[in-house]
Amino acid sequence: MSMDKLRTYYFGLYGENGITQFFFDQLMEIMEKARAGRSTALKKQDKKGNDWYLSEKMVGMMLYLDKFSDNLSSFEKRIDYLADLGVTYVHFMPLLQSREGQNDGGYAVSDYLNVDKKFGTTEQFEHVVDRLKKKGIRTCIDFVLNHTAKEHEWALKSRKNEPGYEDMYYMFDNYGIPSEYEKTLTEIFPSVAPKNFTYYEDIGKFVMTRFYEFQWDLNYKNPNVFNRIAEVLLTLANKGIDIFRLDAIPYMWKELGTSSMNLPQVHTLLKMYEMIIEEVCPSVVFLGEAIVEPHEIVKYFGTPEEKECHIMYNASLMVLLWNSLATRDVRLMQRSMSIDYGTPKDGVWINYARCHDDIGWGFEKDIIRDLGMDPEAHKQFIIQFMEGKFPGSFAKGELYEFNPETLDARNSGTMASLCGLEEAILKKDRYKLELAVKRILLLNSVIISYTGIPLLYSGDEIGTLNWWDYKKDETIAHDSRWLHRAPMDWEKAGNRHDMGTVEGILFSSIREMIRVRKENPIFASNISSIPIDTGNKAVFAFHREDKMLVLANFSEERQVVNCNAVNWFGLPWELHDLIQGKTVPLWDNIVLGPYEYLWLA
Ligand code: OTU
């Protein structure tokens with residue numbers, strides 16, 4: 001049944017002709033081979049399906065292997081650390097073989113089928129996946145499918161026009177078509193990698209390079225590319241990977257005269273890949289990476305009948321959390337999060353506060369105007385606040401992709417430094433330190449309790465500060481995202497059970513939130529979070545389908561919430577805070593201390 005559908009989509013995209021038939025037959029063979037190669041253990045896992053990703057037990061951590069533990073063999077010794085925190089899935093940032101020198105943190109893959117030699121061997125990786133699984137931890141890897149390194153075998157052979165490698169990339173003999181494309185394409189890295197094409201003198205060709213020059217965009221208009229990526233995907237899935245993070249999916253299809261982002265054909269490609277995994281390895285899920293407008297992000301879930309990605313990044317919540325901290329005003333978050341973009345019931349959000357990328361300030365402009373503010377002026381405020389330049393700002397960060405003409409920018413920085421920990425330590429200010437710790441915990445309290453999967457960024461659980469040393473390495477000094485890609489400080493991590501240290505307070509408090517979450521089915525991803533207007537602009541509140549009420553004070557002042565504002569289930573006499581264990585009377589005003597959060601049930 002689903003193969004008929006796959007066929008329809010495939011021929012719909014590539015045309016009803018003999019060539020398409022040839023590649024479709026080839027795809028069937030690829031799938032057949034992968035099915036045969038799937039281990040008994042994985043087949044057993046497949047029988048249980050893939051709804052495991054909806055569980056309240058899901059808690060992720062993303063990490064760069066080299067930053068976290070140098071390599072795969074030393075990683076094994078760190079598995080207990082992850083288990084101690086309560087992590088149930090690990091997202092390995094790009095670990096497949098990437099090009100030498102600059103490689104955008106591994107996002108320039110030169111061999112999809114092997115783990116980067118600097119980390120160890122592919123067999124070692126399979127062993128790690130197995131060890132993790134035995135500890136109840138699933139594996140997620142980055143799958144960079146929009147582009148390859150220019151040194152990838154496919155690219156090298158395409159350069160020489162070898163048979164079987166034609167048209168795998170966007171290559172042009174002159175600047176005619178590229179110049180037409182440039183009219184409507186945006187620049188993704190305007191300052192460090194401007195424009196979207198690169199001219200290579202030795203072959204006399206212009207190649208589409210939307211990201212860095214060394215990242216060549218794959219041409220999905222060619223069914224050969226579709227098939228080869230399918231083959232890679234299934235081969236990796238057979239190594240026991242549970243979650244594929246599909247990188248940069250909005251860019252996968254390009255059309256002249258368009259922005260070549262979020263085009264309908266991208267959705268067709270993703271639907272087909274989903275049908276393929278559903279058929280061959282049904283326990284595997286896709287995490288889609290599309291940091292675009294919320295109404296576009298939601299489309300990447302597909303529909304219940306025709307799924308695309310099972311999990312998507314909740315970029316809006318992330319941006320709004322930082323906005324709320326800076327302004328001490330949660331109204332933009334409350335209103336934006338109340339908009340129903342039509343998330344399907346089995347579409348799950350990844351809730352995160354920081355990741356390896358910059359923070360780009362995509363807000364709902366109409367709501368900002370409605371709140372009486374000017375969207376452009378507000379954006380300038382937040383950019384300067386996060387850089388630490390705005391008077392009174394607690395944050396310490398850097399600009400990313402600053403545009404001197406428009407003054408537009410994104411921001412870099414670690415969670416701790418953006419929350420004020422770096423400033424507090426520099427100024428040796430105990431009060432500031434306390435507030436910074438509270439801010440970090442507050443952000444965690446929302447991402448761990450809000451509907452979706454919480455994803456921690458390695459190092460944030462012990463308050464890692466900005467890594468200014470990246471400026472000393474000339475291969476990365478131009479890219480401020482490295483400010484928040486610090487090596488793990490294992491000495492500091494050693495303090496994680498010592499409540500007299502910042503690391504101890506952060507680690508144990510986050511661990512406790514994770515523990516509570518995992519024990520309580522209220523936190524499953526099919527139970528929605530519904531934001532509530534508390535009447536107090538500093539307090540964010542939401543309920544989880546009447547089963548739980550969460551309150552979070554985004555200011556350093558004591559705040560009072562009128563109990564009638566949260567009277568959503570007939571107001572019981574009192575509720576209990578799942579974290580602090582205290583009883584909160586609901587017949588009276590609710591008082592929250594500075595940055596306090598309550599998980600009331
Ligand atoms: C992703 O990000 C990765 O997260 C980055 O680390 C990579 O550099 C990049 O792809 C290239 O592989 O533009 O600023 O909507 O947000 O794909 C980051 C998707 C990016 C983009 C995203 C991209």
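Derivation of every value follows stated rules applied to the coordinates shown; laboratory data play no part. Fair warning: this is a prediction, and the values are worked out from it, not measured in the lab. Note that we place each Cβ from the backbone using ideal geometry, even for glycine, and neighbour counts take in every protein chain shown.
General remarks:
- Residues whose amide H falls under 5 Å from that of R138, counting only those 5 or more places apart or on a different chain, are Y89, V90, with hydrogens built in the peptide plane.
- Taking a ≥ b ≥ c as the square roots of the eigenvalues of the Cα gyration tensor, the stretch 530-600 is rounded, since a/c falls below 1.5.
- Around the Cα centre of the stretch 440-545, unit charges on the Cβ atoms of Lys, Arg, Asp and Glu (plus for the first two, minus for the last two) sum to a dipole of about 260 debye.
- Theoretical gain in end-to-end length, K48 to D588 [0.36 nm per residue, Cα-Cα removed]: 189.7 nm
- The angle between the Cα long axis of helix 122-134 and the longest principal axis of the Cα atoms of the chain comes to about 40 degrees, rounded to the nearest 10.
- ³J(HN,Hα), Karplus 6.51/-1.76/1.60, whole Hz, each residue of the stretch 142-152, x for Gly, Pro: 6, 10, 8, 9, 7, 8, 10, 5, 5, 8, 4
- Against the main long axis of the alpha-carbon atoms of the chain, helix 264-280 sits at an angle near 90°.
- Taking the inverse of the mean reciprocal distance over all distinct Cα pairs, the Kirkwood hydrodynamic radius of the chain comes to 25.1 Å.
- Difference of contour (0.36 nm per residue) and Cα-Cα distance, I177 to I530: 122.3 nm
- Tensor-based shape of the stretch 515-558 (alpha-carbon gyration tensor, a/c under 1.5 rounded, otherwise prolate or oblate): oblate
- Between K221 and E574, the distance separating the two model label sites (each 7 Å from Cα on the Cα→Cβ line) works out to 6.9 nm.
- Over 21 Å between alpha carbons, listed pairs K150/K205; K57/K135; K43/K135; K345/K547; K150/K271: K150/K271
- Once the Cα atoms are used to define both axes, helix 315-327 deviates from the longest principal axis of the chain by about 30 degrees.
- Partner aspartates and glutamates for K239 [C-alpha distance under 15 Å; skip if fewer than 8 residues away on the same chain]: D46, E123, E126, D130, D142, E231
- Given the chain, longest segment not containing exposed loop chymotrypsin sites (Phe, Trp or Tyr not before Pro) (DSSP; at most 10 other Cβ within 10 Å): 1-572
- Residue ranges 128-135, 276-283, 353-360 sort as 353-360, 276-283, 128-135 when ordered by packing (mean number of other C-beta atoms within 10 Å per residue, highest first).
- Per DSSP, loop trypsin sites (Lys or Arg not before Pro) in the stretch 1-92 with at most 10 further Cβ within 10 Å: K48
- The Cα-based radius of gyration of the stretch 40-83, divided by its Kirkwood radius, gives an Rg/Rh of 1.11.
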